[in-house]
Amino acid sequence: GISVIEVRLHGNRWRVIRPSRYARRVTAATPMRITGPAAGHVWMRTAADPAGRTALGTMSNCAMGYTPWGTYLTCEENVQFYFVNRSGRVPALQQRYGITARGGGYRWHEFDERFDAARHPNEPNRFGWVVEIDPFDPTRPPLKRTAMGRFKHEGAALSIAPDRRVAFYMSDDERFEYVYKFVSRDPAHRDALEHGTLYAARFDADGTGVWLELAPGQNGLDAAAGFPTQAEICIAPRLAGEIAGATTMDRPEWIAVHPQTGEAYCALSHNETRGQPGGPGPNPANPRSANVYGHIIRWRERGGDPTATRFDWDVFILGGDPASTGDAFGSPDGLWVDGRGL
């Protein structure tokens, strides 16, 4: 969950303000409104919420984002660990999102049956989202922004387009998963995350790349492929990205946008299983088998516009042993570029 606290600078020291009208906890039991294409979809409906529009809670919150209108984005990551499915018949969608008979050992299903994915197969679909929280308005419920896609979110890095639309770069923190981008339909405003276009990245060998639109009728996504509407794509973008031909990455972690150049940097933590028999081998953007050290990739949108559908990329730095093929660091994760460009 999330803690909201108020701090104030007194001289040269920060102090927590108690009491504060802003301070609160957002937990795994806090009611949240489901918004966007997946709201009300049959895959989002449960016995407790037959309308599929109100979820209880957020959990496994990883990195973050912020919006120009002053709200906070928390990104749900390893939500699969909270669920178990011991039916012996785990559905393909649950399998693709890491739900197993063993679970993560948290045993929540023993005390709250909604975490039993066999009895409540749609409950996992209600987690793995970007959640928007207004820190300045405790009366406003958190919003699960389904237009931004469901996966193991590591963060949501903001870039503002010349036409004032917002673009968020997002990563799916799992071996052989994808880098995504969401571009709002409308210029920045309070509900700009309600509508937009979801993309997955393809990094080509010549140093160029394409943002593959994940939408019905685009890149092999249609009813025959299991994606008749945008709702199914947003609930299962891993499956959609695979059909569209996105590039499998070595555990995408944080993404940071340079405030002066607009370049985006993505930490790829590691992937020791790359190149193993029967699995994907290296690709230009992930050039090493058994990549135990990781690397950082960089891209530049065409025309400097974050809404563009083409980009140019390079491997910014390789981690590892400086005596051989890399620099002296490993498993890059958190990234930030400050206002000076450092």
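The values are calculated or read from the model by the stated rules, or taken from the named source; none is laboratory data. Only a predicted model underlies this, so the values are computations on that prediction, with no experimental measurement involved. Every residue, glycine among them, receives a Cβ derived from its backbone with ideal geometry; neighbour counts consider all protein chains shown. Note: areas computed on protein heavy atoms with side chains; ligands, DNA, RNA excluded. Shrake-Rupley method; radii C 1.70, N 1.55, O 1.52, S 1.80 Å.
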If you take the residues of the range 96-115 that are closer than 12 Å to Phe81 by Cα and out of contact with any helix residue (DSSP H, G or I) (no Cβ under 6 Å at 6 or more places or on another chain), which of them is surrounded by the most Cβ atoms within 10 Å (Cβ to Cβ)?
-> Gly103
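Can you give me the number of residues within the range 116-132 that are of a type in the set (Lys, Arg) and buried (at least 23 other Cβ atoms within 10 Å of the Cβ)?
Pass one, the range 116-132, residues of a type in the set (Lys, Arg): 119, 126.
Adding the requirement that they be buried (at least 23 other Cβ atoms within 10 Å of the Cβ) leaves 126.
So the count comes out to 1.
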Determine, yes or no, whether Tyr97 is farther than 15 Å from Arg150 by Cα and either in contact with a Phe, Trp or Tyr (Cβ under 7 Å, 6 or more places away or on another chain) or of a type in the set (Phe, Trp, Tyr) (or both).
-> no
If you scan the range 228-259, which residues turn out to be in a loop (DSSP other than H, G, I, E, B) and within 23 Å of Glu76 (Cα to Cα)?
-> Ala236, Ala246, Thr247, Thr248, Arg251
When Glu194 is evaluated against the numbered criteria (1) in contact (Cβ under 8 Å) with a residue 60 or more places away in the chain; (2) open to solvent by 10 Å² or more (accessible area, probe 1.4 Å); (3) more than 16 Å from Gly36 (Cα to Cα), which criterion, by number, is the only one it fails?
-> (3)
Restricting attention to the range 50-64, does a residue exist that is touching a Leu at 6+ places or on another chain (Cβ under 9 Å), under 21 Å from Ser3 (Cα atoms), open to solvent by 50 Å² or more (accessible area, probe 1.4 Å) and among the hydrophobic types (A, V, I, L, M, F, W, C)?
-> yes
Residue satisfying condition, being touching a residue at least 24 places away in the same chain (Cβ under 8 Å), open to solvent by less than 30 Å² (accessible area, probe 1.4 Å) and of a type in the set (Ser, Thr, Tyr), within set Thr261, Thr273, Thr307 = Thr307
Filter the range 2-26 for residues that are assigned to a loop (DSSP other than H, G, I, E, B), open to solvent by 50 Å² or more (accessible area, probe 1.4 Å) and either touching a residue at least 12 places away in the same chain (Cβ under 8 Å) or on the phi < 0 side of the Ramachandran plot (or both) and give the result.
-> Ile5, Asn12, Arg18, Pro19, Arg21, Ala23
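Answer yes or no: is there a residue in the range 70-77 that is over 24 Å from Asp186 (Cβ atoms) and surrounded by 18 or more Cβ atoms within 10 Å (Cβ to Cβ).
Looking only at the range 70-77, we keep the residues that are over 24 Å from Asp186 (Cβ atoms), and these are 76-77.
From what is left, the residues that are surrounded by 18 or more Cβ atoms within 10 Å (Cβ to Cβ) are 76-77.
For the range 70-77, residues over 24 Å from Asp186 (Cβ atoms) and surrounded by 18 or more Cβ atoms within 10 Å (Cβ to Cβ): present.
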What's the number of the condition Gly40 fails, among (1) on the phi > 0 side of the Ramachandran plot; (2) assigned to a strand (DSSP E or B)?
-> (2)
